[in-house]
Each structure stands twice: as C-alpha cells, then as structure tokens.
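Okay, so here's the structure we're looking at.
The values are calculated or read from the model by the stated rules, or taken from the named source; none is laboratory data. All of these numbers come straight from a predicted model, not from anything done at the bench. As a convention, Cβ positions derive from the backbone with ideal geometry for all residues, glycine included, and neighbour counts pool all protein chains shown. Please note that ligands, DNA and RNA were not included when accessible areas were found on the heavy atoms of the full protein model with its side chains. Shrake-Rupley method; radii C 1.70, N 1.55, O 1.52, S 1.80 Å.
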Amino acid sequence: MMKPLTPLQNAISMIGGVLLIVGALLPLAGVMAEYAPYVFTFGALSYGGTQMLRRYEGKNTTIVRLRRQEIIGALLLMVSAVLMLVSSFRLLPLQGGEWKVCLSIAVVFELYTAFRLPQELDKEARNNEQKKG
C-alpha cells in the first residue's frame, strides 16, 4: 500500500513536472535561456521532493525495487539541476552538456517506474483482495 500524497503535495508535484519540462526546453529558446536553470531547479526540487515523500508500507520486493529506482530518478533530476546551474555559472571545468546526460538517465528511471509501479500496485491490491475474500 502506497501512502497517498495530500492534494497540496499532488499539486506541487504536477507543477514541478511542468516546470521540469519547461526548464529543459528553455535552452532551445535563445531569448529565455538564461532562466532555464532556475525554472528547472525549482521543478526538480518540487517534483523530486514530493516523490520522496511517498512511502510504500508493504513488503513486495518488486515494489520496493521500483520505489528505489524512482528515488534514484528523482535524485538524478536534482543532480541535473545542479549541473545545469554549475554550467550556467561556469563554476567547474565542465563542458556544459553534462546535465543533459544526467537528465537522460533520470528520464529513463522515471518513465520506467511511471509505467511499472502502478501495474505492480494494482497487482498487489488484487492479490490482497483475493486473500481477504
């Protein structure tokens, strides 16, 4: 059983997801590109933070593994945000595109768990109903 988010937390998560997409696409628009790291960082903190608030209170090892992957994806989103900020301020001797690689890996984790986790939770709920009935 997953502990559900409150309506406020759910709204923050949705807004964070939209800001992630906008922040990742802003570098393509030359005029607004300087705002991209800030928009993306706010989105990563909002979306990733609310993902970490969700808790799984069961013992299904598949769901536990998927939750870990989801948390790793959220952390990688935050690392992408840091790399985006660092490259915009030119603080480290990085080439500037490292955040894109990190973001690509985070997206793979997030997409995989976005499809698999609800399936496993539904399967667990059906199994629990069969055991009760």
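Things to note:
- Residues of the chain: accessible area per residue with a 1.4 Å probe, Å²: 64 Å²
- MRE, 222 nm, helices only [DSSP H, n ≥ 4, -39500 (n - 2.57), over the chain, to nearest 500]: -27000 deg cm²/dmol
- As computed over the stretch 1-66, the Cα convex hull volume per residue (Å³): 77 Å³
- Apportionment of accessible area to carbon and sulfur, the chain, percent (1.4 Å): 68 percent
- For the chain: relative contact order, % (alpha-carbon pairs under 8 angstrom, 6 or more apart): 24 percent
- Across the stretch 61-133, counting alpha-carbon atoms alone, Rg and Dmax equal 17.6, 62 Å.
- Only one residue of Gln9, Gln130, Val101 has its Cα farthest out toward the positive end of the dipole of the chain, where Lys and Arg carry +1 and Asp and Glu -1 on Cβ, and that residue is Gln130.
- Solvent-accessible area of Glu124 with every protein chain in place, 1.4 Å probe, in Å² to the nearest 10: 30 Å²
- Stretchable slack from Tyr38 to Ser104, in nm (0.36 nm times residue separation minus alpha-carbon distance): 21.9 nm
- Degrees between helix 98-132 axis and first principal axis of the chain (Cα, 0 to 90, nearest 10): 10 degrees
- Shape call, the stretch 83-124: gyration tensor on alpha carbons, a/c limit 1.5: prolate
- Computed about its Cα centre, the charge dipole of the chain is approximately 520 debye, with only Lys, Arg, Asp and Glu carrying charge at their Cβ.
- Each listed q (0.11, 0.12, 0.15, 0.22 Å⁻¹) maps to a log10 I(q)/I(0) for the stretch 1-125 from the Debye sum over equal C-alpha point scatterers, namely -0.41, -0.48, -0.70, -1.22.
- Pairs of Lys residues in the chain that lie 8 or more places apart, or on two chains, and have C-alpha atoms under 27 angstrom apart add up to 9.
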